[in-house]
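Below: the structure, in structure tokens.
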Amino acid sequence: MSHFPILKLPTFTDARGSLTVMEGALPFSVVRSYWIFGADGQTRGGHRHRHTQQALVAISGSVTIYMNDGHHIDNVLLEHPGDCLIVQPKDWHTMTFGAGSVLLVMSSHSYDRSEYIDEPYA
């Protein structure tokens, strides 16, 4: 089991398909949302934040998230659109994309480059 929290989002399935609900699921209010795609086989990220919390969902394909909070290290595989990884500001993270993957990122703060910490833990 991972030290890093993965929320199991409510997902409803019937003959017409599946629907996953985010409403009320996150421990913060979403200020910024974006998605990353076309990054097959690439690794992105490589930073942590001063204040921003993030929620990551692989809405298509699979993404492996390397996580390091300075005490715990883990590789978290996101491959189901009902799984949501919570990334705290202290969490150094990189994201490695499988073929055809789309990663949805929801952030607690707007983009501010000065909010990023580019130095990994020693």
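Readers should treat all values here as calculations from the given coordinates under stated rules, not as data from a laboratory. Since the model is a prediction, treat every value here as computed from it, not as a measurement. Glycine gets a Cβ as well: all are built from the backbone with ideal geometry, and neighbour counts include every protein chain shown.
Tabulated data for the structure shown
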| read-out | value |
| --- | --- |
| Gaussian network model of the chain, Cα within-10 Å springs - most flexible of 31, 102, 57 | 31 |
| Total formal charge among the other residues, if their Cβ is under 12 angstrom from that of residue 67, Lys/Arg +1 and Asp/Glu -1 | -1 |
| Relative packing of peptides 77-88, 15-26 - highest average C-beta neighbours within 10 Å first | 77-88, 15-26 |
| For segment 17-33, Karplus couplings with θ = phi - 60° (6.51, -1.76, 1.60), whole Hz, Gly/Pro x | x, 10, 9, 10, 10, 9, 3, x, 8, 8, x, 8, 7, 7, 9, 9, 10 |
| Shape call, segment 1-93: gyration tensor on alpha carbons, a/c limit 1.5 | prolate |
| Segment residue 30-residue 88, extension gain: residue separation times 0.36 nm, minus the distance between their alpha carbons | 19.5 nm |
| In order through segment 103-118: 3J(HN,Hα) via Karplus (6.51 cos²θ - 1.76 cosθ + 1.60), integer Hz, x for Gly, Pro | 10, 8, 10, 10, 10, 7, 9, 5, 5, 8, 4, 6, 7, 8, 10, 8 |
| Most mobile listed residue (38, 61, 98) in the chain, GNM with C-alpha springs under 10 Å | 38 |
